[in-house]
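First up is the structure itself, then whatever we jot down about it.
The values are calculated or read from the model by the stated rules, or taken from the named source; none is laboratory data. Source: prediction; values computed, not measured. Counting neighbours? That spans all protein chains shown, and the Cβs are built from the backbone with ideal geometry, glycine included. Heavy atoms of the whole protein, side chains included, go into the accessibility calculation; ligands, DNA and RNA do not. Shrake-Rupley method; radii C 1.70, N 1.55, O 1.52, S 1.80 Å.
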Amino acid sequence: MLNNQKIYFIIIGLLLFASCNKLTKATDFITQPTAREVYARNFESDSLPYIFWNMAFKETLGDSLHVTSPYQETGIFNPKMNPVYGYELNLERGRKYDFSVLTDTLHPLVYIDLYERTSDSISPFKLEKQAAYENSTLNFSPKKSAVYKVVFQPQLNAASSFRITISSEPGYSFPVAGVSSKKAIQSFWGAPRDGGKRNHEGVDIFASRGTPVLASIDGYVSRTGNRGLGGKQVWLRDGLFGNSLYYAHLDSIIATNGQRVKIGDTLGLVGNTGNARTTPPHLHFGVYSHGSGAINPLPFLKEEPQLVADQEASEFYNSYLVKSVRANLRSSASAKSEQIGSLTRMDTVNLLGKTADWLHIETSGAKRAFVHKSLMTPL
């Protein structure tokens, strides 16, 4: 049986714990700490393992590896290496990006950070977004097309298998019923018009006359009419200060001025009115941004190849040996990418992961690169 004094101290301790917990939550609500800052609370400020873990993260910001969406990589986190996975990639305005990591049943924490490259030589990357604490996915829609860097880093001592994926989807629903961007878009942004006097400010989507033309966004019809080069046309506005979508060369107009529409509602029918009388029926689709005029609509519409899950190897080796006379190190998983170094026969590397026929490796000098697997043999 506990005496009264012990019960008293237990109650006081519980009250203090609850009070501190509430205070931390209240402070976090105001200061909005990053996921990394929350994780750092588990360590003393001079904890060497955490210091090395943090240094590995900062060093990765200096890597020059480049990937394109869609991308996937599989492997096993090696706790002896403090593994960090950083990739630069060009993100396009008009697309929705998904950065995710799938781990095994142990579910270690993996931190996902997205940076935008800047022109500042001292701080070349600006933190744009972080995955929430304990989240394994980060979603991002860039407000401008630019070079970004995404960094994946597991918690200390993680030894899980993993699958990193980067993918994207168009920001708008496709504006013509029954066709896809892969085949139907046949005239692109910037193509010369009128003998080079002007450039094409949109894309042309070809379909049979009378095919329904659809709302790509929820919004309201700001204008309709039959005028100028566009012939029968509909303008659809995405909110008060959002983009304006331009549908031209319609055979007939169904939407009305001021009408509120939802994605998929019919605005008109494909035709070739205006200056398209001598061409097959098609929709001219344009996107106009508030304050910056016409922008390339293709990223808003184009479909991305679907990722096919790589078969995870039954054996995963931590180290590899160069078996060829020379092995070129590449900035991307492609023989056409920039060469950023080379190895010679019998050189050894640590394996970070695999993507298709390429190995993501770290050299003895802590340089990260891609090398073709045909040049290597496991140790």
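Placing +1 on the Cβ of every Lys and Arg and -1 on the Cβ of every Asp and Glu, with nothing else charged, gives the chain a dipole about its Cα centre of roughly 960 debye.
Checking the Cα-Cα distances for Lys149/Lys262; Lys182/Lys373; Lys262/Lys302; Lys129/Lys323 against a 30 Å cut-off, the pairs over it are Lys149/Lys262; Lys182/Lys373; Lys129/Lys323. Comparing Ser252, Ser167, Ser45 in a Gaussian network model of the chain where C-alpha atoms under 10 Å apart are linked, the largest mean-square fluctuation is found at Ser45. Rounded if a/c is under 1.5, else prolate if a/b is larger than b/c, else oblate: which is region 234-379, with a ≥ b ≥ c the root eigenvalues of its Cα gyration tensor? In terms of gyration-tensor shape, prolate.
Dipole of region 85-156 (Lys/Arg Cβ +1, Asp/Glu Cβ -1, origin at the Cα centre): which of Phe140, Pro108, Leu156 lies farthest to the positive side? Result: Phe140, furthest along the dipole toward the positive end. Note on the chain: with neighbouring protein chains present and a 1.4 Å probe, carbon and sulfur make up 54 percent of its accessible heavy-atom surface.
Using the Cα centre of the chain as origin and beta-carbon charges of +1 (Lys, Arg) and -1 (Asp, Glu), tell me which of Gly271, Ser289, Ile361 is placed farthest towards the positive end of the dipole. Going by the charge dipole, the pick is Gly271.
Computed with a 1.4 Å probe over protein heavy atoms only, the accessible surface of region 99-243 comes to 49 Å² per residue.
Where [x] 215; [y] 234; [z] 142 are the candidate values, the label of the one calculated here for volume of the Cα convex hull per residue in Å³ is [y].
Computed over the chain with a Gaussian network model linking Cα atoms closer than 10 Å, the most mobile of Thr103, Thr60, Thr256 is Thr256. Once the Cα atoms are used to define both axes, helix 48-60 deviates from the longest principal axis of the chain by about 30 degrees. Spin-label model, Asn157 to Glu304: label points 7 Å out along the Cα-to-beta-carbon direction sit 3.6 nm apart. Taking 7 Å steps out from each Cα toward its Cβ at Ser319 and Gln339 produces label points 2.7 nm apart. Springs join every pair of Cα atoms under 10 Å in this Gaussian network model of the chain, and among Val84, Val38, Val176 the largest mean-square fluctuation is at Val38. Dipole size of region 99-211 about its Cα centre, with +1 on Lys/Arg Cβ and -1 on Asp/Glu Cβ: approximately 520 debye, rounded to the nearest 20. Summing Lys and Arg as +1 and Asp and Glu as -1 over all other residues whose Cβ lies under 15 Å from the Cβ of Ile253 gives a net charge of +2.
Among Pro212, Asn243, Gln259, which residue has its Cα positioned farthest towards the positive end of the charge dipole of region 204-279, with +1 placed on the Cβ of Lys and Arg, -1 on the Cβ of Asp and Glu, and the dipole taken about the Cα centre? Positive-end residue among those listed: Gln259.
Overall form of region 51-136: oblate. Here a/c, set by the Cα gyration tensor axes a ≥ b ≥ c, is 1.5 or more, and a/b is not larger than b/c.
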